[in-house]
Protein chains: 2
Amino acid sequence: MSGTNQNLSVSTNLPLAPVIILVGPQLGENIGMCARAMLNCAVTELRIVNPRDGWPNPAAVSAASGATIVLDEANLYTSTKEAVADLEFVLATTTRPRGMVKEIYSTDAASVEIRKRNVDGAQKCGIMFGPERAGLENDDVVLANAILNIPLNPGFSSLNLAQAVLLVCFSWLSAKNPFRSEEVIMEMGDTSLARKDEIELLLEHIEDELAKGNFFRSPGQKPVIRLNIRNFFFRSAPTQQDVRTLHGIVSCLTGKRSWK
Amino acid sequence: MSGTNQNLSVSTNLPLAPVIILVGPQLGENIGMCARAMLNCAVTELRIVNPRDGWPNPAAVSAASGATIVLDEANLYTSTKEAVADLEFVLATTTRPRGMVKEIYSTDAASVEIRKRNVDGAQKCGIMFGPERAGLENDDVVLANAILNIPLNPGFSSLNLAQAVLLVCFSWLSAKNPFRSEEVIMEMGDTSLARKDEIELLLEHIEDELAKGNFFRSPGQKPVIRLNIRNFFFRSAPTQQDVRTLHGIVSCLTGKRSWK
């Protein structure tokens with residue numbers, strides 16, 4: 001699960017990722033965990049405003065679990081205003097009502113909005129996160145175009161900083177990501193699904209042996225039971241390997257008879 | 001941002017949440033952070049299989065940041081088999097290919113699937129997570145109906161345990177109502193899907209008889225063949241009726257022996 005020695009390039013065909021702006025973060029460990037969460041989601045540009053414990057911070061490096069590229073390239077600012085200066089669309093993450101007239105985006109709505117604005121890298125977007133305890137101040141929130149609210153259990157909505165960054169970045173990564181498609185794929189190993197005629201031969205094998213064993217005692221019940229058996233094996237989509245194994249099982253179970 | 005003294009009730013109109021199963025978790029701190037992530041997303045039922053450092057664990061409580069209700073009500077198991085025994089649909093979270101024939105769900109596809117299966121609480125679903133370093137073993141993965149893969153930056157996909165739990169639970173919480181006209185539903189007749197422990201009993205029956213019949217001739221091959229057989233029957237989602245019929249088939253096939 002480490003993944004840290006693999007190729008960190010994240011170019012593929014992803015649109016421009018949003019910039020993550022940490023305002024007044026306290027613990028270096030949290031900054032490192034944010035960097036890791038960002039890189040998990042192919043988000044690489046980090047800006048840090050007035051980190052409490054200074055910068056660089058060794059605690060951040062060890063908590064980043066290999067996402068040092070994000071920390072190495074992070075930029076440091078002394079005010080939120082400077083940190084968002086070159087951005088065209090900024091969201092402020094907060095759960096508290098601010099009494100400000102601002103649109104409130106859910107995580108998914110924010111991701112769609114950022115993707116839309118990033119067609120051909122047209123607009124550079126950023127997402128601000130406040131300090132661990134207090135969150136963003138109103139003077140920071142006011143710099144944003146809109147508010148981002150992560151919709152959680154209203155009875156227990158406290159997230160740590162890195163978890164908030166993770167959810168926001170994952171939502172961005174997943175938006176219109178081809179892999180987000182709700183289509184389910186099948187890991188096939190070295191085999192492939194059995195053809196219907198292969199399943200049919202298996203069923204003949206089973207039914208032959210069942211008839212010999214007087215399985216269908218009541219003639220009236222036979223059609224229903226037979227249909228249920230067939231339904232199970234067709235519905236269950238055995239592989240060719242499964243079909244071979246099932247033939248083997250039937251032969252083994254019946255073969256014992258002659259070994260007595 | 002604390003939220004810990006607020007009302008923890010999560011009833012609202014949410015469908016039945018999936019059960020979270022941590023298999024062999026190492027650090028109590030990670031278990032606590034998982035509990036917090038779960039409660040953030042209104043997911044409350046935690047099952048723990050063989051935690052390395054014993055249970056209860058004070059480190060879990062302090063890391064849970066108030067989500068003690070999840071820890072207090074967590075159930076402890078000595079095997080994964082027991083932990084999934086009463087569940088009807090189980091996903092195994094893994095990033096490694098297993099060479100097993102299993103469907104692979106993305107996080108979103110899994111969330112939609114679980115919502116669909118939970119209409120009126122019809123099916124109890126669970127999601128398994130492996131130990132921090134190694135992930136789930138094949139013997140655990142085989143118990144699942146399908147695999148859950150969290151689609152991340154392929155160049156840096158290492159998540160910590162609580163972050164994986166958070167993304168999966170948040171996806172479930174965020175999943176839109178899946179009940180649309182194009183949805184695929186399962187006509188169940190008057191039976192219901194077998195529970196995992198019912199399938200386990202069937203497999204014991206089959207394997208007992210195969211052992212008697214000297215099916216596993218080569219000891220080296222036995223684990224692979226056994227895993228394939230188990231994978232087929234867990235993946236194929238037999239109904240309770242199917243399981244009864246399959247017991248009958250095995251008894252019939254082996255029973256013939258004594259009639260000679």
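The values are calculated or read from the model by the stated rules, or taken from the named source; none is laboratory data. It should be emphasised that the depicted structure is a prediction, and the values quoted were computed from it without experimental measurement. Reconstructed Cβ throughout: ideal geometry from the backbone, glycine too, with neighbour counts over all protein chains shown. Note: accessible area is taken over every heavy atom of the protein model, side chains too, but ligands, DNA and RNA are not part of it. Shrake-Rupley method; radii C 1.70, N 1.55, O 1.52, S 1.80 Å.
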Helices (runs of 4 or more DSSP H) wholly inside region B:41-104 that include at least 3 residues being within 15 Å of the chain's Cα centre (by Cα): B:80-83
Name the residues in region B:113-141 that are open to solvent by 50 Å² or more (accessible area, probe 1.4 Å) and more than 17 Å from B:K196 (Cβ to Cβ), would you? B:K116, B:V119, B:D120, B:R133, B:A134
Being over 20 Å from B:P97 (Cα atoms), not in a loop (DSSP other than H, G, I, E, B) and not aliphatic (A, V, I, L, M) is the filter here; which residues of region B:123-176 pass it? B:C125, B:G126, B:Q163, B:C169, B:F170, B:S171, B:W172, B:S174
State which residue is nearest to the other protein chains (Cβ to nearest Cβ) when the search covers only region B:146-168 and only residues that are more than 17 Å from A:W172 (Cβ to Cβ) and in contact with a Ser or Thr (Cβ under 7 Å, 6 or more places away or on another chain). B:S158
Six or more apart or on different chains, Cβ under 6 Å: which pairs go from a residue in region A:103-119 that's more than 14 Å from every other protein chain (Cβ to nearest Cβ) to one that's of a type in the set (A, V, I, L, M) and open to solvent by 60 Å² or more (accessible area, probe 1.4 Å)? Could you list them? A:N118/A:L16
